[in-house]
Amino acid sequence: MDAYKLFQDYIRLQHQIDEFYHELAVRQKLSDSALLVLWTLVDLGEGCTQRDICRQFSLTKQTVHSSVQKLAGEGLLSLRPSPGREVRVYLTEAGRALIQKKVLPLKNAEEAASIRMGESELTAMLSLTQKWFSLFQEEANSISKT
């Protein structure tokens, strides 16, 4: 099997993983972006900014803003201004309950799978993916900009 065919198999697997996360969000009756916003609040803690949420999962400002506004409208988040134009995002009691019921079980499953795989295999996976991405950026950046 040639190298490019193997890479295409890897990309297909990445798409299957993305689709599985989408299915998990649907099962929890959440949009993909709502799941990621709530997931970020678990990872970073309450009081993070919408910019922090964007960075955590490489989401657009528009996507995060829309999702945060919708979740706030549903009474799951509260928004508080901070110095400058930043707005900090906090969970309401309903939001905390939702995270306990719908987000933490998914995070726990992800963590359990990671533990089962092991640190050395995960380190190798991360290292190889970073290497491929760096090489791809080099190749793509050499394409003339016309």
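Within segment 59-74, residues that are farther than 17 Å from R96 by Cα and without any contact (Cβ under 8 Å) to a residue 60 or more places away in the chain sit with their Cβ atoms under 9 Å from residues that are in a helix (DSSP H, G or I) and among the small types (G, A, S), at 6+ positions apart or across chains, in these pairs: L59/S33; L59/S67; T63/S33; V64/S33; S66/S33.
Kindly indicate the residue of segment 1-27 that is polar (S, T, N, Q) and open to solvent by less than 80 Å² (accessible area, probe 1.4 Å) and also farthest from T92 (Cα to Cα) among those meeting that condition.
Ranking the qualifying residues of segment 1-27, first place goes to Q8.
With respect to (1) touching a helix residue (DSSP H, G or I) at 6+ places or on another chain (Cβ under 9 Å); (2) more than 30 Å from A3 (Cα to Cα); (3) surrounded by fewer than 14 Cβ atoms within 10 Å (Cβ to Cβ), the lone exception for R80 is condition (1).
Can you pull out the helices (runs of 4 or more DSSP H) entirely within segment 39-146 that have at least 2 residues that are touching a Lys or Arg at 6+ places or on another chain (Cβ under 9 Å)? Let's see the steps before the verdict.
Working: elements: 50-57, 61-73, 93-98, 104-117, 119-141.
The qualifying helices (runs of 4 or more DSSP H) are 50-57, 61-73.
In the set (1) farther than 19 Å from G95 by Cα; (2) crowded, with 18+ Cβ neighbours inside 10 Å, L30 fails one condition alone, (1).
Quick check: is even one residue across segment 52-61 surrounded by 12 or more Cβ atoms within 10 Å (Cβ to Cβ) and β-branched (V, I, T)?
So in segment 52-61, the residues surrounded by 12 or more Cβ atoms within 10 Å (Cβ to Cβ) come out as 52-57, 59.
With the extra rule that they be β-branched (V, I, T), the set shrinks to 53.
So far as segment 52-61 goes, yes, one or more of its residues are surrounded by 12 or more Cβ atoms within 10 Å (Cβ to Cβ) and β-branched (V, I, T).
Taking each residue of segment 1-29 that is farther than 22 Å from T129 by Cα and part of a helix (DSSP H, G or I) and looking for partners that are open to solvent by less than 100 Å² (accessible area, probe 1.4 Å) and among the hydroxyl-bearing types (S, T, Y) with beta-carbon atoms closer than 7 Å, six or more apart or interchain, yields A25/S31.
The values are calculated or read from the model by the stated rules, or taken from the named source; none is laboratory data. Being a predicted model, the structure only gives us computed values, none of them experimental. Reconstructed Cβ throughout: ideal geometry from the backbone, glycine too, with neighbour counts over all protein chains shown. Just the protein is used for accessible areas: all its heavy atoms, side chains included, with ligands, DNA and RNA removed. Shrake-Rupley method; radii C 1.70, N 1.55, O 1.52, S 1.80 Å.
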